[in-house]
Amino acid sequence: MLKRLTGPIAAMLGLMLATGCWAADLPVIRAAVLKIGTVNWELQTIKANGLDAKHGFDLVVQPFADNGATRVALEGDEADMAVADWIWVARQRAAGKDYVAIPYSKAVGGLVVPGGSNAETLADLAGGKIGIAGGPLDKSWLILRAYAEQEYGMDLKAETEQVFGAPPLVFKTGLSGETDGAINFWHFLAKMKASGMRELISTETASVALGLNPDVPLLSYILKEGFVDAHPGIAKAMYAASREAKELLRDDDTAWDAIRPIMNAKTDAQFQALRADWRAGIPGAGNVDPDDANAFLALMAELGGAELVGEATTLPEGTFVAVE
């Protein structure tokens with residue numbers, strides 16, 4: 001004779017039956033992410049608050065040691081999603097591959113100088129040394145070069161010495177004063193500002209001056225179009241969970257308590273700077289305007305050439321998934 005279930009177990013089973021939320025029935029999104037990457041802040045918030053199940057999928061986070069490995073996992077179908085900028089997606093689509101982008105973040109860098117620096121504009125860095133993370137094709141570096149040319153008639157590349165290095169090295173040399181300015185990934189810049197450096201110019205300010213829309217989110221969740229087609233509604237579901245996590249982290253300071261241990265913030269000042277700059281990187285809701293994206297891509301193609309954009313001199317159709 002079967003025993004009737006009562007109490008919490010019965011209540012839980014009843015809820016699962018009523019909502020249809022059996023985990024085994026939910027489509028799975030395997031996210032390949034950099035183990036120490038800032039995307040984990042959002043993904044952990046999604047998981048901790050059950051936002052994946054709420055929107056009808058099961059998010060499985062797979063950490064990797066470097067960004068290159070996350071893309072290899074995606075390419076080899078060992079993962080369903082990774083994070084990259086949509087310029088990479090456009091390049092892949094122009095080469096005949098089926099990657100698509102879901103808007104994630106508009107958090108980008110800028111250029112900071114030591115707190116005691118006399119520099120007021122990029123022109124004041126002529127003859128100086130700039131530390132740059134991301135290499136010669138770093139998007140912030142390219143945008144600031146275009147801005148310096150437009151505003152001051154200055155060839156920033158020719159009139160300064162560039163020192164390319166990993167983000168921690170650029171962080172260290174910037175704080176020590178070994179460089180006159182530094183361009184770094186946004187989260188390193190936040191900690192540099194919290195440690196006494198000041199922003200000379202943001203990439204957002206430069207973008208506006210160049211006629212670009214700074215609200216176009218450069219960073220995206222990347223999936224294969226075949227995966228999206230095989231799971232109808234999965235892209236919109238991921239986007240909805242992402243937006244809900246963003247709104248929670250934007251509006252509720254206590255939501256950060258759960259992720260502070262993985263933020264690598266050494267001080268309260270660094271934590272507060274990271275939180276403020278992450279929030280500033282939340283893009284507006286809705287689909288990406290293809291004209292705005294195309295204008296950005298055209299500038300990247302002009303400055304970075306085929307080495308950066310490949311054959312994608314104009315935005316390939318279907319680069320962005322419709323999320324609304």
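Taking 0.36 nm per residue of separation and subtracting the Cα-Cα distance, what length does fully extending D66 through E199 add? Mind dumping the intermediate values first?
Working: separation 133, 0.36 × 133 = 47.88 nm, distance 2.78 nm.
Contour length minus the Cα-Cα distance gives 45.1 nm.
Compute the distance from the alpha-carbon center of segment 25-65 to that of segment 167-236, in whole Å.
Each part reduced to its Cα centre gives a spacing of 21 Å.
What order do you get for V112, V323 when you list them from fewest to most C-beta neighbours inside 10 Å? Mind showing how you got there, number by number?
Working: V112 29, V323 18.
Least crowded to most crowded, the residues run V323, V112.
What helices in the chain pass both tests, a Cα length along the helix axis of 15 Å or more and a mean Kyte hydropathy of 0.0 or higher, using whole DSSP H runs? Could the numbers behind the result be given before it?
Working: long enough: 7-19 (18 Å, 1.69); 139-152 (19 Å, -0.54); 234-251 (26 Å, -0.36); 268-280 (18 Å, -0.78); 290-309 (22 Å, 0.66).
Sorted by number, the helices that extend far enough and score high enough are 7-19, 290-309.
Computed over the Cα atoms of segment 110-209, what is the ratio Rg over Rh, Rh following Kirkwood?
Values: Rg = 11.9 Å, Rh = 13.0 Å.
Reported Rg/Rh (Cα atoms, Kirkwood Rh): 0.91.
Among all the lysines, which ones have a C-alpha under 16 Å from K236's C-alpha, if same-chain residues fewer than 8 places away are not counted?
Counting by Cα, and skipping residues close in sequence, K236 has these lysines nearby: K54, K224, K246.
Step by step: find N for the chain, compute 2.2 N^0.38 Å, then divide the Cα radius of gyration by it. What's the final number?
1.09
What is the order of E324, E199, fewest Cβ neighbours within 10 Å to most?
Starting with the residue having the fewest Cβ neighbours, the order is E324, E199.
Give the cross-link partners of K193 among the aspartates and glutamates, using a straight C-alpha distance below 12 Å as the criterion and excluding same-chain residues fewer than 8 apart.
Straight-line reach from K193, under 12 Å: D277.
Assuming a viscosity of 0.692 mPa s and a temperature of 37 °C, what translational diffusion coefficient in µm² per second does Stokes-Einstein assign to segment 31-101, Rh being the Kirkwood radius over Cα pairs?
253
Report for the chain the percent antiparallel among DSSP-assigned beta bridges with both residues inside it, nearest 5. Spell out each step's value before the answer.
Working: 16 of 33 bridges.
About 50 percent, rounded to the nearest 5.
Can you tell me the relative contact order of segment 20-157? Whole percent, Cα pairs under 8 Å, sequence separation 6 or more.
About 20 percent, as a whole number.
By counting other Cβ atoms within 10 Å of each Cβ, how are S202, S117 ranked from fewest to most?
S117, S202
Give the cross-link partners of K97 among the aspartates and glutamates, using a straight C-alpha distance below 14 Å as the criterion and excluding same-chain residues fewer than 8 apart.
The qualifying aspartates and glutamates are E75, D77, E225, E311, E317.
Provide, as a two-decimal number, the C-alpha radius of gyration of segment 156-195 over 2.2 N^0.38 Å, N being how many residues it has.
Its radius of gyration relative to the 2.2 N^0.38 Å reference: 1.13.
Counting only helical runs of four or more DSSP H residues, what would the 222 nm mean residue ellipticity of the chain come to if each run contributes -39,500 (n - 2.57) and the total is spread over all its residues?
Using -39500 (n - 2.57) per qualifying helix, the result is -13500 deg cm²/dmol.
Using the beta-carbon distance between D229 and A298 and R0 = 30 Å, what value does 1/(1 + (r/R0)^6) give for FRET efficiency, to the nearest 0.05?
That gives a FRET efficiency of 0.55.
Laboratory data are not the source of any read-out in this text; all were calculated from the coordinates shown. Not measured: the values here are computed from a predicted model. Using ideal geometry, Cβ is built from the backbone for each residue, glycine included, and neighbour counts are taken over all protein chains shown.
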